[in-house]
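Following: one structure in structure tokens, then a few remarks.
The values are calculated or read from the model by the stated rules, or taken from the named source; none is laboratory data. What you see is a predicted model; the values in this text were computed from it and never measured. Neighbour counts are summed over all protein chains in view; Cβ atoms, including those assigned to glycine, are modelled from backbone coordinates with ideal geometry. Protein only, heavy atoms only, side chains kept; ligands, DNA and RNA dropped before computing areas. Shrake-Rupley method; radii C 1.70, N 1.55, O 1.52, S 1.80 Å.
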Amino acid sequence: MKAIRYIAAGLTTLTLVAGLTASNVAKAESTLEKIKRTGKFLAGVRFDYPPVGSVDRDGKNIGFGVDIAKAFGEKLGVAPTFVQTTSRNRIPLLQSGGIDAEIGPTTPTKERDEAVDFSIPYYWDEAVILTRKGESTDPKAFGPPKKMATTQGSYFGEYFHRLFPQAEYTTFQEYSEAVIALQQSKVDGVLINRYVAAEYAKRFPSLQYTASYVRDPIAIGVREDDSKWRDFVNFTLQELWAAGKYQAMFKAHFGYEPDFQLWSPYGLQPGIK
């Protein structure tokens, strides 16, 4: 009887080990391998953040991030499926597998980098304050008691605290909501990217934006510990740059040539062609 029990226990142990091994193998599948296996690339893009990501009148996704996703899809041989991301849901969507890459205006902060991984900066931005015409264009004029706004999950509030440690701000789900609050004089300024501020200022002649108060690197989010997929993203970005396609896409959306260099200030990663 003891021998039977030992055999049974041994089989149970083997079963558990096999199960763990199978689980580890499943977990080890790279996003790159998953996309090739399923033929689906879930691209997280913004719907409210022109010119990085927005939706036109026909409901079509447009923007620089959207075009980058399409370039990834072209290399992968699949058409991207666009999934809406916000400042609040972008990290959870990556972690849960709801998206394969977050191609939006995300700063790779230490806190975020502990939850997911990031590509090299795929563009550089500046943080400004969107405000009403007639207000100062000096960011230092917007300390307390001025009322500020930003979106949930945005890091611009932290940057602004460097100027004004006592500053307080209201958070909104999307920037469109914050802009409405600004137009209704419920807030005095919206902490936002310069590129997006310029788009809102074009759309609403009563608005303007200040000088920048910080230079902001923007990176593409990917799942933690997935070097194959991260390499694909980094290499593809640089290959687009080497071919001149990146610069053309950037200028088409931002209106000017990029004033930065990918990978390092001195050039692309050795070996990129």
Filter result (acidic (Asp, Glu) and open to solvent by 60 Å² or more (accessible area, probe 1.4 Å)) within region 172-192: GLU177
Residue list for region 82-103, filter: of a type outside the set (A, V, I, L, M) and under 18 Å from TYR49 (Cα atoms): PHE82, GLN84, THR85, THR86, SER87, ARG88, ASN89, ARG90, GLU102
Taking the options TYR195, TYR213, TYR169, name whichever one is touching a Ser or Thr at 6+ places or on another chain (Cβ under 9 Å), buried (at least 17 other Cβ atoms within 10 Å of the Cβ) and either under 14 Å from TYR49 (Cα atoms) or not acidic (Asp, Glu) (or both). TYR169
From the set of residues in region 132-159 that are in a loop (DSSP other than H, G, I, E, B) and among the small types (Gly, Ala, Ser), which is most open to solvent (accessible area, probe 1.4 Å)? GLY134
All positions within region 71-88 that are open to solvent by 30 Å² or more (accessible area, probe 1.4 Å), touching a residue at least 60 places away in the same chain (Cβ under 8 Å) and over 23 Å from ALA242 (Cα atoms): ARG88
Enumeration of residues in region 50-70 that are in a strand (DSSP E or B) and either of a type in the set (D, E, K, R) or closer than 22 Å to LYS245 by Cα (or both): GLY53, SER54, ASN61, ILE62
Quick check on this structure: which one of LYS228, LYS202 is within 30 Å of GLU29 (Cβ to Cβ), of a type in the set (Lys, Arg) and open to solvent by 70 Å² or more (accessible area, probe 1.4 Å)? LYS228
Answer yes or no as to whether THR21 is polar (S, T, N, Q), surrounded by 10 or more Cβ atoms within 10 Å (Cβ to Cβ), modelled with pLDDT under 85 and out of contact with any strand residue (DSSP E or B) (no Cβ under 6 Å at 6 or more places or on another chain). yes
Going by the conditions given, is GLU224 farther than 30 Å from GLY271 by Cα and among the charged types (D, E, K, R)? no
